[in-house]
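This report concerns only the one structure given below.
The values are calculated or read from the model by the stated rules, or taken from the named source; none is laboratory data. Being a predicted model, the structure only gives us computed values, none of them experimental. Ideal geometry is used to build each Cβ from the backbone, glycine not excepted, and the neighbour counts take in all protein chains shown. For accessibility, only protein heavy atoms count, side chains too; no ligands or nucleic acids. Shrake-Rupley method; radii C 1.70, N 1.55, O 1.52, S 1.80 Å.
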Amino acid sequence: GRKAALPLKAELLYENGQPVEQLATCEPLLVGKTEVTAMQGSAMFKLRITSLSSHRDKQRFRIRVSPQDMGLLVREPGLAVVTTPMKCVTKLTHRSSAGMKHESTEEADGEEAEGSADGGGEMKKRKRDDLEAQLEAQGLQIESLQRTSSELLEKLTDLKQLLSQALVGVESRNCQNAKVGGSAEGESR
């Protein structure tokens, strides 16, 4: 078999497919190796988006990987792939001693910008596993909170019952005192 080499390029698009325009800064929109040659149908891109969604009217981004040869792309449009939309946010790191924020670095939300043209299946699986573990832990927390809430409700119900009984006792003593006081007044006349 003959080895097929296909020069590819990666470019940043908005979710609607329009290219992202360069702002006044000199920093490129994508950092990393944006041109890679696919060997035997496979290529690996490791990229970082430098533009923030908050600076672009909160729009999400996509990365399109396509042949560098525009003539080939026109003849074979199926050779281009586009990632799912992703939000690019500022990643804040904290100093452990002072609790102050470091300088911001821009990262793609969920690190979806890193990966291969196939959508980063391994990364998605790892992210799903992390989410499942979080959901399980949160489910256990919810159960614990529900038990605590039920216990508190029982104690409040008991307390309400005790208060009602105490009020009934006070009211009956007041009624007896009123009768005793009222009959004494009537006899003195």
- Of Lys9/Lys33; Lys87/Lys124; Lys58/Lys87; Lys58/Lys91; Lys9/Lys87; Lys91/Lys127, those spanning more than 19 Å from alpha-carbon to alpha-carbon: Lys9/Lys87
- By accessible area (1.4 Å), largest first, Leu156, Leu72, Leu131 order as Leu156, Leu131, Leu72
- Message: Heavy atoms of the protein only, probe of 1.4 Å, neighbouring chains included. What is the accessible area of Arg60 in Å², nearest 10?
- Response: 100
- Solvent accessible area, Å² - Asp57, 1.4 Å probe, full protein context: 140
- For Met44, Met86, what's the largest-to-smallest order of accessible area, 1.4 Å probe? Met44, Met86
- Item | Fully extended contour minus Cα-Cα distance, from Met44 to Gln176, at 0.36 nm per residue | 38.4 nm
- Rounded to the nearest Å, what's the spacing between the alpha carbon centres of the stretch 1-40 and the stretch 127-159? Just the number, please. 46
- Item | Nearest-10 value in Å² for the accessible area of Leu30, using the 1.4 Å probe | 20
- Item | Förster radius 30 Å - calculated FRET efficiency between Glu21 and Glu132 (Cβ-Cβ, nearest 0.05) | 0.15
